[in-house]
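The values are calculated or read from the model by the stated rules, or taken from the named source; none is laboratory data. Remember, it's a predicted structure, so these values are computed and weren't measured experimentally. Cβ coordinates were reconstructed from backbone atoms using ideal geometry, including for glycine residues, and neighbour counts include every protein chain displayed.
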Amino acid sequence: MTLGSHISPLSRSYIEQADVVFLLVADGITEQWVAQMNSDVRSLQPYYQTGVSRMLSYQQMVAAILAEVRQNKKVVGAFYGHPGVFAWVPHKAIAEAKAAGFAAHMEPGISAEDCLIADLAIDPGTYGCQHFETSQFMFYKRTIDSAAYLILWQVGVAGDRSLAKRGTDGRYRQLLIEVLAEYYPLSHQVILYEAVTLPIQQPRITTLALAELVTAEMDPKTTLVIPPATKMVANQQMLDKLAALQADDD
Ligand code: SAM
């Protein structure tokens, strides 16, 4: 996620020893940094095209990676954050390589979630934590627990059915608010979060009312964090059963 610090020694060693490295990171400076680690680093950024569905770009990325795997090369896909978190290409590339009989595996990385836990001082274990991709959250009827944290990824493209937009506007966010308003008051304080990708930056931590999301500035890297709005309700029946068990044990 952050240039210079968020890479494990093992991941770095794989990159250095690969025949070819496919790279998808947040910015050009980070690309240059990784390019110093191997003489054949190929950016996956050019596969993104304005107005073209991201799914098509993703399929082309997987095809490019697999073409090199099929030539029996040592191939690394280096993705920002955790390659397995809200990321289709790494999972798909590994599954296809395995299905074709090649050895393939994923190394974990430091995701946006890890950074927000640190920067916002949130422990997902305190109240529980739910994660959804924002558009999926809008497209499907989901049940959420307003006593736990809710983290919505890709909020900058909320509601984009084409998968081709770089961002969606207030009209789309108004519909997101409509879904969220079933669970939260419009005055509920939420957080727009952006982890730093360069060590000279400061994280973006914008606290605002749910209703203000309509006009808020969004970026492809913005994540929406919704703190709990209600208190956890005790499950008295279960507590009673557990008390009975405890009494038997004692
Ligand atoms: N694999 C990535 C990870 O582990 O963080 C996530 C990739 S997902 C396709 C893109 C979404 O991740 C963004 O829309 C945003 O919700 C989140 N994200 C990516 N970069 C971020 C950053 N710098 N700060 C906060 N969230 C970020």
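Couple of notes before you dig in:
- Considering residues of the stretch 40-67 that are under 13 Å from Leu23 (Cβ atoms) and more than 19 Å from the chain's Cα centre (by Cα) only, the residue surrounded by the most Cβ atoms within 10 Å (Cβ to Cβ): Ile65
- When the stretch 144-160 is filtered for residues that are among the hydroxyl-bearing types (Ser, Thr, Tyr) and either without any contact (Cβ under 8 Å) to a residue 24 or more places away in the chain or within 15 Å of the ligand (Cβ to nearest atom) (or both), only Tyr149 remains.
- Residues located in the stretch 126-143, provided they are within 14 Å of the ligand (Cβ to nearest atom), surrounded by 16 or more Cβ atoms within 10 Å (Cβ to Cβ) and touching a residue at least 24 places away in the same chain (Cβ under 8 Å): Thr134, Ser135, Phe137
- Any hit, the stretch 30-39, residues being within 22 Å of Gln154 (Cβ to Cβ) and either in contact (Cβ under 8 Å) with a residue 60 or more places away in the chain or among the polar types (S, T, N, Q) (or both): yes
- Helices (runs of 4 or more DSSP H) fully within the stretch 1-113 counting 1 or more residues that are of a type in the set (A, V, I, L, M) and within 15 Å of the ligand (Cβ to nearest atom): 28-35, 54-69, 88-99
- Any pair with Cβ under 9 angstrom, 6 or more apart, that starts in the stretch 219-235 at a residue that is more than 19 Å from Leu150 (Cβ to Cβ) and ends at one that is surrounded by 12 or more Cβ atoms within 10 Å (Cβ to Cβ) and modelled with pLDDT under 95: Asp219/Gly167; Pro220/Arg166; Pro220/Gly167
- Taking the criterion of being out of contact with any helix residue (DSSP H, G or I) (no Cβ under 9 Å at 6 or more places or on another chain) and either of a type outside the set (Gly, Ala, Ser) or exposed (fewer than 15 other Cβ atoms within 10 Å of the Cβ) (or both), the residues of the stretch 105-125 that qualify are Ile110, Asp114, Cys115, Leu116, Ala118, Asp119, Leu120, Ala121, Gly125.
- The stretch 191-201: number of residues that are within 12 Å of the ligand (Cβ to nearest atom) and either closer than 20 Å to Ile177 by Cβ or not β-branched (Val, Ile, Thr) (or both): 7
- Qualifying residue in the stretch 121-134 (condition: among the polar types (S, T, N, Q) and under 28 Å from Ser8 (Cβ atoms)): yes
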